[in-house]
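All of the numbers you see were taken from the coordinates with simple rules; none came from a lab. As the structure is a prediction and not an experimental result, all values here were calculated from the model. Cβ atoms come from the backbone with ideal geometry, glycine included; neighbour counts cover every protein chain shown.
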Amino acid sequence: MTTEDKSGTPQPADISLANRYGGPKRGLSRNAKRGAGIAALAVGIGFLAWVSTSSAMSSVTFKDIGYSTIDATQTELDFQVTREPGTAVKCAVKALDSKFAVVGWKVVDIPPANPDSQQSQGADGGRTIARREVLRTESQSVSAVVDSCWIPGKSK
């Protein structure tokens with residue numbers, strides 16, 4: 001018995017390519033395209049809503065007002081912190097020498113505003129609080145600044 005050798009017979013190019021790589025791919029239906037577009041739009045809107053609310057609800061801002069050097073071992077820093085009235089905040093403040101080296105450092109606790117206090121009766125409802133802190137220094141400082149502020153329990 002002999003087997004027939006078919007390798008010598010040529011096949012049309014489109015059939016041999018289809019056998020090798022598979023047939024042409026079908027596109028998505030109109031309904032599938034519409035569904036994918038709606039899903040992508042919903043995900044985008046949800047992401048934007050999350051970003052806008054999370055940054056607005058947990059935002060803490062600060063502003064340096066001024067400083068004064070009392071002597072070679074102390075510097076006084078005036079600053080403002082803006083946060084939600086019922087939110088406790090921590091701020092890291094530092095004093096610098098003429099070469100910008102840190103010569104004093106302190107973490108300041110700012111408690112939540114009391115609803116009955118004078119601060120909460122202010123123009124912004126107690127969101128902004130002014131603080132004056134005295135920092136001990138290793139040597140004469142030439143400036144003092146707020147390094148960062150954050151809500152305790154959240155990452156800096």
Karplus-derived 3J(HN,Hα) from phi for region 135-144 (6.51 cos²θ - 1.76 cosθ + 1.60, θ = phi - 60°), whole Hz, x at Gly and Pro, runs 10, 7, 10, 6, 8, 4, 9, 10, 7, 9
So how much slack lies between Trp105 and Arg136, counting 0.36 nm per residue of separation and subtracting their Cα-Cα distance, in nm?
10.4 nm
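Can you tally the net charge around Leu135? Count Lys and Arg as +1, Asp and Glu as -1, for every other residue whose Cβ sits under 14 Å from the Cβ of Leu135.
So the surrounding residues net to -3.
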Residue separation times 0.36 nm, minus the C-alpha to C-alpha distance between Glu76 and Ala49: what's the value?
5.6 nm
